[in-house]
Amino acid sequence: MLAAMGDSALEKTAAFILANDDFTLIAHVSPDGDTLGCTCALRLALIKLNKKVQAVCENAAPKIYRFLPGIDGLIVPENAIATSAAIAIDCADEGRMGAAKAIWDNAGHTANIDHHGTNTMYAQLNCVATSAAAAAEVIFKLITLLQVDIDKDIATCLYCGLVTDTGNFAYSNTTEHTHYAAGKLMSLGADNALINRAVYRSAPISKRRMLGVGLVKAEYVFGGKIAYCLLTRADYAKFNARDEDTEGIIDNLRDVESVEIAILIRETEDGAYKVSMRSKEYADVCAIAMLYGGGGHKQAAGCTVRGEISTISGELIELAKKAI
């Protein structure tokens, strides 16, 4: 049971799907395993219901997620066509859709499926379960309610969402419901070994190099309770790295025994800075991210900022100190 959402929202979302025939599924920008796994799973389920469906994301899927069944069906917004219905998946607000927002705006019927506490409830129909560890928990219940056969491919996609959004079931958002869903998906064919090998055990050299840079450049302040690291475009260029090659650095910073808050700042190609924050036990990093127009969860959040980096980093560190 997803107490924060209730079965009524799921039932309304199932009815929404049955009442419409052509869909655009929208994954968020800088896609992770949850938004991609859910988007692929729901697309496969809608195909089984004989619906017309396209899956759209502004960014290409990172290499580590290209094993997902149906990932080849993911297209960029400029290649998408107009549809009467649109479903945003794992998007806490409309900005997370990126360029796909134009497709959303032209759809006559919209639904928002998510699990973030900062969700702005921007759709005509909002199915938001803040108690769920991942959007994959919500999509799992939705597909079950639709009475679609969850085969090995759909199970694999959903299991990937659970694994990645819970840090291999290590984060505090993991509940008994998460483990129930995971167990059920494994019984339906999800390959735990395959998913873990693809996501966590098959890193390209550039990713390992960037992890090394991140660990070396990290600074520890406030008695070691705050870890801070800035990655510049020069760091990326040195190893011909991409954004996806920085995944996991923030977790390594947080895992230092004295650290309560880890902050990773990445310079983008257009001169902005993407900020990722994690807390270990009690600090609310989402509250910090929201001050800059971002969001997420209490212990995992992010935002995009512009300005002088020395000023920005100083502000973030001071806010982190207050949060601690």
Hits in the stretch 1-37 (condition: more than 30 Å from C303 (Cα to Cα), charged (D, E, K, R) and modelled with pLDDT of 95 or more): E11, K12, D21, D22
Kindly check whether there is at least one residue in the stretch 226-237 that is at pLDDT 95 or above, assigned to a loop (DSSP other than H, G, I, E, B) and over 30 Å from T130 (Cβ atoms). yes
Please go through the stretch 27-53 and pick out each residue that is touching an Asp or Glu at 6+ places or on another chain (Cβ under 9 Å), within 13 Å of A86 (Cβ to Cβ) and in contact (Cβ under 8 Å) with a residue 40 or more places away in the chain. A27, T39
Looking only at the stretch 165-176, filter to residues that are of a type outside the set (S, T, Y) and open to solvent by 70 Å² or more (accessible area, probe 1.4 Å); which one of those is nearest to the chain's Cα centre (by Cα)? A170
Cβ pairs under 6 Å, 6+ apart or interchain, first in the stretch 272-296 and under 18 Å from Y171 (Cβ atoms), second polar (S, T, N, Q) and open to solvent by 10 Å² or more (accessible area, probe 1.4 Å), ordered by first then second residue, are S279/Q299; G295/T118
Any chance the stretch 305-318 includes a residue that's out of contact with any Leu (no Cβ under 7 Å at 6 or more places or on another chain), touching a residue at least 60 places away in the same chain (Cβ under 8 Å) and open to solvent by 50 Å² or more (accessible area, probe 1.4 Å)? no
Single match in D235, D245, D191 (criterion: among the acidic types (D, E), touching a helix residue (DSSP H, G or I) at 6+ places or on another chain (Cβ under 7 Å) and farther than 22 Å from G302 by Cα): D191
Could you list all residues from the stretch 18-60 that are more than 21 Å from H115 (Cα to Cα), assigned to a loop (DSSP other than H, G, I, E, B) and hydrophobic (A, V, I, L, M, F, W, C)? L49, A60
Every residue in the stretch 278-291 that is surrounded by fewer than 18 Cβ atoms within 10 Å (Cβ to Cβ) and in a loop (DSSP other than H, G, I, E, B), please. K280, E281, Y282, D284
Of the residues L49, L44, L68, only one is of a type outside the set (F, W, Y), at pLDDT 95 or above, closer than 29 Å to Y200 by Cβ and open to solvent by 30 Å² or more (accessible area, probe 1.4 Å); which? L44
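Results for (1) in contact with a strand residue (DSSP E or B) (Cβ under 6 Å, 6 or more places away or on another chain); (2) modelled with pLDDT of 95 or more; (3) closer than 13 Å to H116 by Cβ, shown as yes or no for each residue.
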{"site": "D284", "(1), (2), (3)": "no, yes, no"}
{"site": "M290", "(1), (2), (3)": "no, yes, yes"}
{"site": "V305", "(1), (2), (3)": "yes, yes, no"}
{"site": "I309", "(1), (2), (3)": "no, no, no"}
{"site": "G314", "(1), (2), (3)": "no, yes, no"}
{"site": "L319", "(1), (2), (3)": "no, yes, no"}
{"site": "A323", "(1), (2), (3)": "no, yes, no"}
Among residues belonging to the stretch 187-245 that are under 21 Å from the mean Cα position of the chain (by Cα) and β-branched (V, I, T), point out the one that is farthest from T156 (Cα to Cα). V199
State whether the residues of the stretch 182-190 include one that is open to solvent by 80 Å² or more (accessible area, probe 1.4 Å), within 30 Å of R233 (Cβ to Cβ), part of a helix (DSSP H, G or I) and touching a residue at least 24 places away in the same chain (Cβ under 8 Å). no
Scanning the stretch 106-159 for residues that are among the hydrophobic types (A, V, I, L, M, F, W, C) and open to solvent by 50 Å² or more (accessible area, probe 1.4 Å), which turns out farthest from G295 (Cα to Cα)? L145
Filtering the stretch 248-259 down to residues that are open to solvent by less than 40 Å² (accessible area, probe 1.4 Å) and more than 19 Å from G296 (Cα to Cα) yields V259
Under the condition of being open to solvent by less than 10 Å² (accessible area, probe 1.4 Å) and part of a loop (DSSP other than H, G, I, E, B), which residue from the stretch 71-91 is farthest from I47 (Cα to Cα)? C91
Applying the selection to the stretch 260-272, what residues are surrounded by fewer than 21 Cβ atoms within 10 Å (Cβ to Cβ) and within 18 Å of the chain's Cα centre (by Cα)? I265
Got a number for residues in the stretch 199-221 being in a loop (DSSP other than H, G, I, E, B) and either under 24 Å from A320 (Cα atoms) or open to solvent by 80 Å² or more (accessible area, probe 1.4 Å) (or both)? 2
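The values are calculated or read from the model by the stated rules, or taken from the named source; none is laboratory data. None of these values were measured; they are calculated from a predicted model. Reconstructed Cβ throughout: ideal geometry from the backbone, glycine too, with neighbour counts over all protein chains shown. In case anyone asks, the SASA skips ligands and DNA or RNA and just uses the protein heavy atoms, side chains included. Shrake-Rupley method; radii C 1.70, N 1.55, O 1.52, S 1.80 Å.
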